[in-house]
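Peer 1: To start, I am sharing the structure in question, which I have written as structure tokens.
The values are calculated or read from the model by the stated rules, or taken from the named source; none is laboratory data. As the structure is a computational prediction, the values presented were derived from the model and not from experiment. Using ideal geometry, Cβ is built from the backbone for each residue, glycine included, and neighbour counts are taken over all protein chains shown. SASA here: full protein model, heavy atoms, side chains in, ligands and nucleic acids out. Shrake-Rupley method; radii C 1.70, N 1.55, O 1.52, S 1.80 Å.
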Amino acid sequence: MEETNLKPVLAAADVQRLLHAGLPRAAGLQVTELAPGRATIRMPVDATMVRPGGTLSGPMMFAAADSAMYAVILGHLGAELLAVTTDTNIHFLRRPEMRDIEARARILKLGRRLVICTVDVHSVDDPEPVAVATGSYSLPPRPV
């Protein structure tokens with residue numbers, strides 16, 4: 001499905017409220033962009049997210065990627081809170097700096113029961129990604 005065929009049905013602020021209400025650990029996440037077929041979230045980075053070697057931990061980058069996929073799905077389907085991750089694959093490309101990160105999700109395919117997404121994870125103000133992820137979300141049955 002071409003992303004130009006997709007139109008958000010919620011505003012970024014509405015998606016952010018849904019994320020914060022449904023995922024208490026997502027309280028610091030900001031939905032900074034919601035556009036046709038796309039969503040960007042920003043994750044504040046702090047000292048609790050560091051791993052040995054003084055870099056951002058992989059689980060935090062994974063959480064950002066997964067949250068961005070959920071945000072793009074919510075933004076395009078509405079309050080579809082029962083959409084669940086069925087598969088995710090992440091490739092860590094290089095060591096991120098200890099600063100906020102952005103995860104830029106894009107819907108590749110929106111089907112009746114499955115959504116396929118891709119995500120680029122960046123340190124803020126760095127054009128090169130530190131990780132890339134793909135994932136799929138299962139959607140609950142919807143009326144025909």
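Peer 1: Within the set of pairs 6 or more residues apart or between chains, which connect a residue that is modelled with pLDDT of 95 or more inside the range 79-94 to a residue that is of a type in the set (V, I, T) and assigned to a loop (DSSP other than H, G, I, E, B) with Cβ atoms less than 8 Å apart?
Peer 2: Listed pairs, sorted by first residue: F92/V130; L93/V130.
Peer 1: Quickly run through the range 15-32 and pick out the residues that are touching a residue at least 60 places away in the same chain (Cβ under 8 Å) and open to solvent by 30 Å² or more (accessible area, probe 1.4 Å).
Peer 2: Restricting attention to the range 15-32, the residues satisfying the condition of being touching a residue at least 60 places away in the same chain (Cβ under 8 Å) are 15, 18, 32.
L18, T32, listed by residue number.
Peer 1: How about the range 19-38: which of its residues are under 20 Å from I107 (Cβ atoms), more than 13 Å from the chain's Cα centre (by Cα) and part of a helix (DSSP H, G or I)?
Peer 2: Within the range 19-38, G22 is the sole residue that qualifies.
Peer 1: When you check T55 against the structure, is it touching a residue at least 40 places away in the same chain (Cβ under 8 Å), in contact with a strand residue (DSSP E or B) (Cβ under 7 Å, 6 or more places away or on another chain) and of a type in the set (S, T, N, Q), yes or no?
Peer 2: Values: touching a residue at least 40 places away in the same chain (Cβ under 8 Å): yes; in contact with a strand residue (DSSP E or B) (Cβ under 7 Å, 6 or more places away or on another chain): no; of a type in the set (S, T, N, Q): yes.
Answer is no for this residue.
Peer 1: Shifting gears a bit: Out of V72, V50, report the one residue that is β-branched (V, I, T) and modelled with pLDDT of 90 or more. Write out each step before concluding.
Peer 2: Values: V50 fails: modelled with pLDDT of 90 or more.
Result of the check over V72, V50: V72.
Peer 1: Of all the strands (runs of 3 or more DSSP E) wholly in the range 47-144, which have at least 1 residues that are open to solvent by less than 80 Å² (accessible area, probe 1.4 Å) and either closer than 16 Å to V31 by Cα or charged (D, E, K, R) (or both)?
Peer 2: By residue number, 101-110, 114-123.
Peer 1: Can you name the condition, by its number, that M1 falls short on among (1) at pLDDT 95 or above; (2) over 26 Å from P96 (Cα atoms); (3) among the hydrophobic types (A, V, I, L, M, F, W, C)?
Peer 2: Failed condition: (1).
Peer 1: For the range 19-70, which positions are of a type in the set (F, W, Y) and farther than 17 Å from H122 by Cα? Spell out the reasoning first.
Peer 2: Of all residues in the range 19-70, those of a type in the set (F, W, Y) come to 62, 70.
Hit for the range 19-70 is Y70, nothing else.
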